[in-house]
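The values are calculated or read from the model by the stated rules, or taken from the named source; none is laboratory data. Just so you know, these numbers come straight off a predicted model, no measurement behind them. Glycine gets a Cβ as well: all are built from the backbone with ideal geometry, and neighbour counts include every protein chain shown.
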Amino acid sequence: MRLSKEERETIIRKSDADDCWDIYASSQKEMKKFDKVAELIEVLSDNEGIYAKLYKLSFNQISFRKPYRLSDEEKNKRANRLNHQNRFQAYKSP
């Protein structure tokens with residue numbers, strides 16, 4: 001079954017009854033990511049091939065972070081610090 005862009009989705013679910021995340025993924029990009037880190041539970045396929053996979057992740061494998069923005073001043077400070085570290089590494093290497 002070939003899914004359209006609108007039909008391809010990733011659903012992550014957590015219930016209070018268990019200590020893990022249940023994941024349904026029908027996006028190839030997301031399936032590749034979850035193949036590396038999650039326990040594969042089921043592969044959903046038809047005569048055209050795999051169209052979705054079900055996974056489990058332990059509760060501590062997913063975290064949520066608040067996005068933050070750097071000011072231009074902070075970006076410049078970090079860039080200068082990184083450039084300084086790179087120059088130091090170049091002198092240190094034989």
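On the stretch given as region 40-55, residues that are at pLDDT 95 or above and over 18 Å from Lys5 (Cα atoms) total 6. Taking (1) surrounded by 10 or more Cβ atoms within 10 Å (Cβ to Cβ); (2) without any contact (Cβ under 8 Å) to a residue 40 or more places away in the chain in turn, Leu3 satisfies each apart from (2).
The residues on offer are Ala38, Ala52, Ala25, and the sole one that is without any contact (Cβ under 8 Å) to a residue 24 or more places away in the chain and aliphatic (A, V, I, L, M) is Ala38.
Each residue in region 13-39 was checked for being modelled with pLDDT of 90 or more and farther than 20 Å from Leu3 by Cα, and 9 of them qualify.
For region 55-70, the criterion of a residue being under 26 Å from Lys14 (Cα atoms), of a type in the set (D, E, K, R) and touching a Cys at 6+ places or on another chain (Cβ under 8 Å) is satisfied by at least one position. Residue count for region 2-12 satisfying the condition of being in contact with an Asp or Glu (Cβ under 7 Å, 6 or more places away or on another chain) and either at positive phi or modelled with pLDDT of 90 or more (or both): 1.
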